[in-house]
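> Encoded as structure tokens, here's the structure I'll be asking about.
The values are calculated or read from the model by the stated rules, or taken from the named source; none is laboratory data. Note that the structure is a prediction, hence the values are computed from the model and not measured. A quick note on method: Cβ atoms are made from the backbone with ideal geometry, for glycine too, and the neighbour counts reach across all protein chains shown. What goes into the accessible areas is simple: the full protein's heavy atoms, side chains included, and nothing from ligands, DNA or RNA. Shrake-Rupley method; radii C 1.70, N 1.55, O 1.52, S 1.80 Å.
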Amino acid sequence: RPLPNFALQPATSAGRRWPKAGGGDHHVRIYPIRKTSLKKFRPKSLSRVTSVADLDLTVGKKSKAKKHQALSALTLVEVIAIDGDGEIVGRPVEWNEGAKGPAPTILLHASENHSPGIGDRVMAKLIANGPAAEHGYRGKVIRVLSNDIGKVIGTFRKSSGAGGRIVPSGKKDRDEYVVPKGDEGGALEGELVVAEVTRQRGRGLMQVRVRERLGDAADPRNLSLIAIHTHGIPDEFSAAVAMEVKDLRPFNPAGRSDLRHIPLVTIDPADARDHDDAIWAEPDLDENNPGGFKLIVAIADVATYVVPGSALDKEARKRGNSVYFPDRVVPMLPERISNDLCSLKEGEDRPALACYMTFDKSGIKKSHHFERAVIRVAAGLAYEEAQAAIDGKVSVRAKDVLQTALKPLWAAYACLCKARDKRGPLDLDLPERKVLLDAKGNIDRVIVPDRLDAHRLVEEFMIQANVAAAEQLNKKRTPLLFRVHEQPSPEKLRALADFLRTVNIPFALGQVIRSSHFNKVLKAAKETPQQRLINEVVLRSQAQANYRPLNAGHFGLSLANYAHFTSPIRRYADLIVHRALVTALGFGSDGLSTFDIANLEETAEMISAAERRAMVAERETMDRLVASHLASQIGATFKGRVSGVVGAGLFVVLRETGADGFVPVSSLGQDYFVFDAVRHALIGTSSGETFQLGDEVEVKLMEVAPLKGGLRLEIVGDGKSGEKPKRLSRPQLRKPKFKKR
């Protein structure tokens, strides 16, 4: 979008004089020229600027800026490559190739605070190079801007002549976009593309230019790319990262504790490609601790390879965590690290940070300490394989570690359960579905994996190691990132109490709320028709966990000190905790850097946002996969459950696939339905017919939008009978809202 012209005025008031040319950078005030209309120009910050072609910041008549320079001294640049030497190469975002010839390339200099990647847009201060130089300009990065300004993702549809249109993939995007002739970027009919807005008119459709082709929109293996590009999830590593990874060498075991004689085992999902935790236990032979156990939780020592300030470290911090889709993984770290050097593979020496813990017979931790070690995993087992061995069906792999590792682990877990049950962490029963794909990326089937003791055992061992790490760093007063989960807000507690009153379950307010109070509610609902409903409502009443440098405890786990320590391959927070332990315990020089400490709060905000971004992207991709799977079944009926209620209608999750669809309130029948916020229900004013959160329903599939992941459903049959609504007070009584189309 073109900006108005500007006039400059010295920022200093003394004499209102211009500084001499060639004296370095100067601060100036920028004023719009009055003759230019400013009705649509209200930039709040530099990060909102999308075009600076008309902005000339040259100061003085004898400025060093060359007169033949076609680009302004301050220009918006898109990063197009990072060469083999790690140099960043860009090109101007706005360039009229027809009038000026090919766009010049720009060699960019980045600082530690401004390190862009391919596809990023940056504001850069430019200087023209000589005619013999490889790049037309060199520039300094002033600020990295969002790379999704004006970005559109959708399906390309070719026009009868030239150009085409893009049907957007976002649920909220209703209008198509026009692709003028020459801006197709080679896109083919039906391809998923990424485009950028080039012109936004007051009337008519916006114009876009295709920037990237993602593949056939009909191929389900490309659906995860929509979420990756929509949410700006980095999915390619830069050349600088690739060079660092290439130069990595196996670790040096000198100075580490040797635990290779300990029969540590990994217990992971059967399809896991990286293994970052190994466990071991044995009865404590100390006569002062009868019935107690000694445990070791050994975690991959990622800090050995990812050092502060490296390109690897910067990229991991930007990504925050690995993102898991049904068809692919976008890892936080390159596979050379996550699947090889740091993966705790069976029979191979690996560096680890080992947490030693001793528990008494009641499951209470008596002591702990940490060591940097070298380990050799005795067996790498799947959850089902380990559980089967304990249940009497021993595989060849599990046979050698059944007596030395598995049975002691299960005995130690039984001991830890005593303290866990007394602690009373939140015990929600909400089984998760898992999508299995065929070779073509289509849904083969959707399963609900069994929740085994093997899962609970590993989970409890990891929790105890996380607690030990937080306590150790608290004791040493070392900066770290806590995993914080606050108790529910008073508003959510009141709403929950009002709802529980409608199902005759008491929930007293005015007391110090603990997770055990919620467990009493869940226990009262067990084996009742409302069990699923009450689990859903209790879950919705909880706060969202996040990362913070200041401790506020973990409400859901009922723990005063908690940090993430056990998954440094896939979470940056865990890597920070590892470095903090290295610093606090004097394990080496690769601990916390001054940058880590100074920017701890910013890092916490970044990785908390990355975690939320990953959750949304994974959910959206699942919706698109299932919608694509159901596209050929319009008119079919399905069993489902009401998973959400709003004034405009019902959200229903289908039993077989876990797909989410929407039932508009207008399709429920002739009655007028009102929304009861307390009961989470739509109630007919004349009949009392009720549709409530958690109700089992039968629905008919009416419409599918595969790329948007949307399903429109209709209820087959009637709702359950109920009382007519009485005088519902706001916000309990809400009329359904309809949007004009």
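> Can you give the helix-only mean residue ellipticity at 222 nm for the chain, where every DSSP H stretch with n ≥ 4 adds -39500 (n - 2.57) and the sum goes over all residues, rounded to the nearest 500 deg cm²/dmol?
Result for the chain: -7000 deg cm²/dmol, rounded to the nearest 500.
> Pop out the ³J(HN,Hα) list for region 396-411 in order, Karplus 6.51 cos²θ - 1.76 cosθ + 1.60 with θ = phi - 60°, rounded to Hz; leave Gly and Pro as x.
My calculation for region 396-411 gives 4, 5, 7, 4, 6, 10, 4, 7, 7, 10, 5, 5, x, 4, 5, 5 Hz in order.
> Distance in nm between label sites at Ile634 and Arg477, each 7 Å beyond Cα in the beta-carbon direction?
6.8 nm
> Quick one: which of 405-418, 376-389, 504-517 comes out on top by average Cβ neighbours within 10 Å, and what's the full order, highest first?
376-389, 405-418, 504-517
> Whole-Hz ³J(HN,Hα) for each residue in region 615-626, computed from phi via Karplus 6.51 cos²θ - 1.76 cosθ + 1.60 with θ = phi - 60°, x for glycine and proline: what do you get?
4, 5, 4, 5, 5, 5, 5, 4, 4, 5, 4, 5
> Going by the alpha-carbon gyration tensor, a ≥ b ≥ c the square roots of its eigenvalues, is region 505-627 rounded (a/c under 1.5) or, if a/c is not under 1.5, prolate (a/b greater than b/c) versus oblate?
Note, shape of region 505-627 comes out oblate.
> Where does each of 392-404, 483-495, 643-655 land if you order them by average Cβ count within 10 Å, highest first?
My ranking of the peptides, most packed first, is 643-655, 483-495, 392-404.
> I would also like to ask the following. Relative to the Cα centre, what is the charge dipole magnitude of region 220-314, using +1 at the beta carbon of each Lys and Arg, -1 at the beta carbon of each Asp and Glu, and rounding to the nearest 20 debye?
400 debye
> Leu539 to Thr404: FRET efficiency via 1/(1 + (r/R0)^6), r the Cβ-Cβ distance, R0 35 Å, to the nearest 0.05?
0.30
> Given H placed on each backbone N at 1.01 Å, which residues far from Ala379 in sequence or on other chains put an amide H within less than 5 Å of it?
Correct list: Thr266.
> Tell me, what ³J(HN,Hα) does each residue in region 151-165 have, in order and in whole Hz, if you take phi through Karplus 6.51 cos²θ - 1.76 cosθ + 1.60 with θ = phi - 60° and put x for Gly and Pro?
Those phi angles translate into 8, 10, 10, x, 9, 7, 10, 6, 7, 5, x, 10, x, x, 9 Hz.
> If you average the alpha carbon positions of region 482-524 and of region 340-384, how far apart do those two centres end up, in angstrom?
Region 482-524 and region 340-384 have Cα centres separated by 37 Å.
> Would you mind getting me the FRET efficiency between Lys523 and His109? Use the beta-carbon distance for r and R0 = 60 Å, nearest 0.05. Working shown, then result.
Numbers: r = 62 Å, r/R0 = 1.04.
The computed FRET efficiency comes out at 0.45.
> Once both labels are modelled 7 Å past Cα along the beta-carbon direction, what's the Arg273-Asp216 spacing in nm?
Taking the two extended label points, one gets 2.3 nm.
> With +1 assigned to the C-beta of every Lys and Arg and -1 to the C-beta of every Asp and Glu, and no other charges, what is the dipole magnitude of the chain about the Cα centre in debye, to the nearest 20?
4160 debye
> Once the piece of chain linking Ala508 and Tyr324 is laid out straight, how much longer is it, given 0.36 nm per residue of separation minus the C-alpha distance between them?
So the chain would gain 62.3 nm between Ala508 and Tyr324.
> Could I ask something else about it? Would you rank Lys172, Lys440 by solvent-accessible area, highest first, keeping every protein chain in place and using a 1.4 Å probe?
Sorted descending by solvent-accessible area, the residues read Lys172, Lys440.
> Work out the charge dipole of region 661-700 with +1 on the Cβ of Lys and Arg and -1 on the Cβ of Asp and Glu about the Cα centre, then indicate which of Ile683, Val697, Phe662 is farthest towards its positive end.
The one lying farthest along the dipole's positive direction is Phe662.
> How much length would be gained if the chain were fully extended between Glu236 and Asp444, taking 0.36 nm per residue of separation minus their Cα-Cα distance, in nm to one decimal?
72.0 nm
> Something else now. Tell me which of Ser224, Ala254, Phe499 sits at the most positive position along the dipole axis of the chain, charges placed on C-beta atoms (Lys, Arg +1; Asp, Glu -1).
Phe499
> Whenever you get a sec, compute what percent of the accessible area on region 655-732 sits on carbon and sulfur atoms (1.4 Å probe).
Percent of accessible area from carbon and sulfur atoms in region 655-732: 47.
> Given charges of +1 on the Cβ of Lys and Arg and -1 on the Cβ of Asp and Glu, with all other atoms neutral, how large is the dipole of region 456-615 about its Cα centre, in debye to the nearest 20? Could you put the intermediate results ahead of the total?
Values: 20 positive and 15 negative charges, 96 e Å.
Dipole about the Cα centre, nearest 20: 460 debye.
> Now, a different point. Using a/c under 1.5 as the rounded threshold, could you call region 436-574 rounded, prolate or oblate? The axes a ≥ b ≥ c are square roots of the C-alpha gyration tensor eigenvalues, and prolate needs a/b larger than b/c, oblate otherwise.
Oblate, because a/c is 1.5 or more while a/b does not exceed b/c.
> On to the next question. With every protein chain present, what is the per residue accessible area of the chain (1.4 Å probe, Å²)?
Result: 51 Å² per residue.
> Now, a different point. For a quick check: with amide H placed at 1.01 Å from N, whose amide H comes under 5 Å from Glu282's, ignoring anything fewer than 5 positions away on the same chain?
Residues meeting the amide H criterion: Lys294.
> What full-extension length gain, to one decimal in nm, is calculated for Glu486 and Lys418 as 0.36 nm per residue of separation minus the Cα-Cα distance?
Fully extending the segment from Glu486 to Lys418 adds 22.0 nm.
> Okay, moving on. In nm, to one decimal, how far is the Glu371 label point from the Val616 one, both placed 7 Å along Cα→Cβ?
About 4.6 nm, to one decimal.
> Follow-up question, since we're still on this one. When a/c reaches 1.5 or more, the comparison of a/b and b/c decides; with that in mind, is the chain rounded, prolate or oblate per its Cα gyration tensor? Don't jump to the answer; show the numbers that get you there.
Values: a/c = 1.84, a/b = 1.21, b/c = 1.53.
Oblate.
> Give me the percent of accessible area attributable to carbon and sulfur for region 232-333, probe 1.4 angstrom.
On the way: 2260 of 4370 Å².
Here carbon and sulfur together make up 52 percent of the probe-accessible area.
> What residues from region 454-476 fall in the zone where the backbone N is under 20 Å from a label point 7 Å along the Cα-to-C-beta line of Ser395?
454-459
> If we sort 226-235, 128-137, 280-289 on the protection proxy, mean other Cβ atoms within 10 Å, highest first, what's the order?
The peptides rank, most packed first, as 226-235, 280-289, 128-137.
> Could you state the number of Å between the C-alpha centres of region 136-188 and region 665-720?
Computed from Cα coordinates, the inter-centre distance equals 37 Å.
> For Val646, enumerate residues with amide H under 5 Å from its amide H, sequence gap 5+ or separate chain, H modeled in the peptide plane.
Phe651
> Ok, one more. A 25 angstrom limit on the alpha carbon distance is what I want to check against. Which of Lys140/Lys318; Lys492/Lys523; Lys361/Lys399; Lys434/Lys720; Lys492/Lys520; Lys434/Lys708 exceed it?
Among Lys140/Lys318; Lys492/Lys523; Lys361/Lys399; Lys434/Lys720; Lys492/Lys520; Lys434/Lys708, the Cα-Cα distance tops 25 Å for Lys361/Lys399; Lys434/Lys720.
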